[in-house]
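Only the coordinates and a few stated rules stand behind these numbers; no lab work does. If you're wondering where the values come from, they're calculated on a predicted model, not measured in any experiment.
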Amino acid sequence: MFNKNFIKEQKITDNLKLRIFNIEIKLEDSKNKALKAITDTKNYIRRADKEIEKTRKFAIEKFLKELIPIIDGLEKAFELMKKEKINNSHIEGLKMTLNMQLNLIKKFGVNQINPIGKIFNPLCHEAVATVKSLNNNNTIIDVLQKGYLLNDRLVRPALVIVSKNK
C-alpha cells in the first residue's frame, strides 16, 4: 500500500514538475517577447525622432528654392546700383534689405556658397565656362550665381567660371 501511494505521489510530483518546467519555458518565452517588443518600440521611437528632426531641418527647402531668385535679384540690383553710382541712401537701403534676408535664412541653417578662389568641386559647383589663366588649374575665378546649402545639404550649386592652365 505504501508503495502504491508512493508511486502515485511520485507520478503527481513528476507531472507537477513537468507542468512547472513548461510554465517556466512559456514564462521565459514571454519575457523574451516582451523585451523584443520594448526594443522594437524604442527603435521605432528613435527612427521616428530622426525622421521628425530631418523633416524639421529641411521643411523650408521648397520655400527656400522660391526665395533664392529674389535674393539673386536683390544682389544683382545692389551690384548694378553700385556700378551706376545711384543715390547712396538707395544703395544702403537695398544693402540693408539684402543683409536682413541673408541673416534671416542663416538662422534656419542656410548658407551661401561663394567659392571665388577655391578649387572647383563638382558636388557643390557647376562650371559654366573655363578660362585659360595663370591661376592654379581648376580654381574658381568668377561666380555667376551663388549656391546655397540648407543644413549642409545642397539646395542649388554655385554657377562658376573655372581656370584652366595655359
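Any chance you could give the angle, 0 to 90 degrees and rounded to 10, that helix 61-84 forms with the longest Cα principal axis of the chain? Rounded to the nearest ten degrees, it is 20.
Quick one: length gained pulling Lys106 to Asn137 fully straight, 0.36 nm per residue minus the C-alpha distance? Walk me through the numbers on the way to the answer.
Details: separation 31, 0.36 × 31 = 11.16 nm, distance 3.17 nm.
Extra length available between Lys106 and Asn137 comes to 8.0 nm.
Between Lys11 and Lys83, the contour length at 0.36 nm per residue exceeds the Cα-Cα span by 15.3 nm. With angles folded into 0 to 90 degrees, how steeply does helix 2-58 sit against the dominant principal axis of the chain? Use alpha carbons for both and round to 10. Value to nearest ten degrees: 10. Straight-line reach from Lys17: taking Cα to Cα under 18 Å and skipping same-chain neighbours fewer than 8 places apart, the lysines in range are Lys8, Lys26. For the chain, modelled as a GNM whose springs connect Cα atoms under 10 angstrom apart, the maximal fluctuation among Asn88, Asn22, Asn43 occurs at Asn22. Under a Gaussian network description of the chain, with springs only between Cα atoms under 10 Å, the residue in Lys62, Lys146, Lys26 that fluctuates furthest is Lys26. You can think of it this way: the chain between Lys33 and Ala48 has 3.2 nm of extra reach, that is 0.36 nm per residue less the Cα-Cα gap. The angle separating the long axis of helix 88-107 from the principal Cα axis of greatest extent in the chain is about 10 degrees.
Listed by chain and number, the lysines whose C-alpha is less than 19 Å from the C-alpha of Lys54, apart from same-chain residues fewer than 8 away, are Lys42, Lys62, Lys65, Lys106, Lys107.
The GNM of the chain, with springs linking C-alpha atoms under 10 angstrom apart, assigns the highest mean-square fluctuation among Thr13, Thr39, Thr130 to Thr13.
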